[in-house]
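The structure appears right after this line, and notes come after that.
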Amino acid sequence: MIAEARLRDGTHALIWELLPSDREALRTGYEQLSEETRYHRFLTGVPHLTPALLDHLVDEVDGVNHVALALVVLDEEGVGVPAGVGRIIRYPHQPDAADLAVTVLDEWQGRGVATALIDELLRRRPAGVTRIITTVAADNEASLAMLRRLGPTTETPGETPRVEVVVELGGAPAVDEASAPLP
């Protein structure tokens, strides 16, 4: 565990680094998402993660340039139930910029899971990252609103129903270990 969070409804949550052992849980969680949620996160409604995408989402996490975190809530027996996953990935060609993405299981949406994940991701963002550059479905108002809360934004509509969003974060991450691998 790297952090604890309290969701809007008071639910206690734990946040930790996504591990290779989480591969099956990630695959299963993706398949539980509604088509709309899959589209909003991956800009496709494909019902299953491809092996190549699953490799990218799990195996390429290095805790330095690609930070991925899972948020779980504890059920009545104290067992962790996955609620969401988020990641921040530095662009190799733009070392001051990174992509930011969060996926929240449908039953946990609107309860502060994305906010908790983004707060922790920004604390642990790669050293030197001062901008988020990401593409969002134009009808994904929740994600657009979340990005606008992070800092000054520039939104550029694309040729498809997508928007490229640039968020100026400024400043250094709040956690000194942001450029070191997570424990």
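Of the residues His40, Thr11, Gly63, the one whose Cα sits farthest towards the positive end of the charge dipole of the stretch 1-89 is His40 (charges of +1 on Lys and Arg Cβ, -1 on Asp and Glu Cβ, taken about the Cα centre). Matching the structure-derived percent of Cα pairs over 23 Å apart against the labelled list (i) 39; (ii) 52; (iii) 34 gives the label (i).
Within the listed set Glu155, Glu76, Glu164, the Gaussian network model of the chain (springs between alpha-carbon atoms below 10 Å) gives the highest mean-square fluctuation for Glu76. Using C-alpha pairs under 8 Å with a sequence gap of at least 6, the mean separation divided by the residue count of the chain gives a relative contact order of 20 percent.
Dipole of the stretch 102-147 computed with +1 at Lys/Arg Cβ and -1 at Asp/Glu Cβ about the Cα centre; of Met146, Gly128, Ala116, farthest Cα towards the positive end is Gly128.
Take the Cα of Arg131, go 7 Å toward its beta carbon, and the backbone nitrogen atoms of the stretch 96-118 under 14 Å from that spot belong to 96-100. Remark: the Arg6-Arg27 segment gains 5.0 nm on full extension, using 0.36 nm per residue and subtracting the alpha carbon distance. With contacts taken as Cα pairs under 8 Å at a separation of at least 6 residues, the stretch 45-111 carries a relative contact order of 21 percent.
Counting 0.36 nm for each residue step from Glu141 to Glu168 and taking away their Cα separation leaves a gain of 7.8 nm.
GNM remark for the chain: springs join alpha carbons under 10 Å apart, and the peak mean-square fluctuation among Val104, Val46, Val167 falls on Val46.
Charged side chains reduced to their Cβ positions (Lys and Arg at +1, Asp and Glu at -1) give the stretch 3-172 a dipole of some 540 debye around its Cα centre. Note on the chain: GNM, Cα springs under 10 Å; of Gln32, Gln94, Gln109, the largest mean-square fluctuation is that of Gln94.
No lab work stands behind these numbers, since they all come straight from the coordinates. Just so you know, these numbers come straight off a predicted model, no measurement behind them. No Cβ is skipped: glycine too gets one built from the backbone with ideal geometry, and neighbour counts run over all protein chains shown.
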